[in-house]
Structure formats: structure tokens, C-alpha cells
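Please read the structure below before turning to the comments.
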Amino acid sequence: MPPLTPNPPPFVPTGRFTNDRRKQFLADHDKGFLTAAKLDVLTDLMAKQNKAFAWEDSERGSLRTDFFPPVVIPTIPHIPWTERNRPIPPSLEAEVCQIIRSKIKAGVYEPSN
């Protein structure tokens, strides 16, 4: 991890941490808890570590399996029961389907049998 700079240089957009995202971050978090100088240090660290942050599902990553092996949930042989799906209101169906497709594309949801 790079060292923190007490007096960081002026912000330069880096990778995922764009100027728009910095402005949004500051608007969301500038509530008086941190001073302006501390927010500058924080945004400098975020710019240096920009790949550690996912602003959209498409930017998500996965943990390395050699450090964190996948979790296997043991089950016993059984006959699965089914429950009726909750209906999606017709007015929201297109939006819900689009959200599910984007989650599958980003790897958030995995296929299941």
C-alpha cells in the first residue's frame, strides 16, 4: 500500500477514479466529519488505489482463489421443494430483467440449476 501523503498534490484523475466520481464522493461525504485537508488525503489515497474501488458492477473483481478458496456448502441428498415465484408487476418486468441481465454479465449472479 502506498504511503499516505500529508500534503497531497492536486487531484489528477486516475483510472476508475475520475473527476466526476471524486466530485460525487465529496458531495456524499463532505458532511463536516472530516476536514478539507483530510478529504484531500483520502481522495489522494483513493486515486492511488483506484482499482480497489468498484463504482459499477462491471468493475467488480473477485478474490484470488489461492488466498480465499470458494466456499462449498455441504448438502445431503434430498428432493428439492419448490416455492411459487413472487410475481413481478408487469410495469416493472423490463427493468427487473435488465437488472438481472446486468448482474449476470458482471458475474454477481451465477447460473444455478
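Quick notes
- Among the numbered conditions (1) outside any loop (DSSP other than H, G, I, E, B); (2) surrounded by 10 or more Cβ atoms within 10 Å (Cβ to Cβ), the only one that LEU4 does not meet is (1).
- Qualifying residue in segment 8-22 (condition: over 25 Å from ILE104 (Cα atoms), modelled with pLDDT under 85 and part of a loop (DSSP other than H, G, I, E, B)): no
- Any hit, segment 61-78, residues being under 20 Å from the mean Cα position of the chain (by Cα), part of a helix (DSSP H, G or I) and touching a residue at least 12 places away in the same chain (Cβ under 8 Å): no
- Scanning segment 30-47 for residues that are open to solvent by 90 Å² or more (accessible area, probe 1.4 Å) and either under 21 Å from PRO2 (Cβ atoms) or of a type in the set (Ser, Thr, Tyr) (or both) yields a single hit, LYS38.
The values are calculated or read from the model by the stated rules, or taken from the named source; none is laboratory data. Computed from a predicted structure; not experimentally measured. As a convention, Cβ positions derive from the backbone with ideal geometry for all residues, glycine included, and neighbour counts pool all protein chains shown. Please note that ligands, DNA and RNA were not included when accessible areas were found on the heavy atoms of the full protein model with its side chains. Shrake-Rupley method; radii C 1.70, N 1.55, O 1.52, S 1.80 Å.
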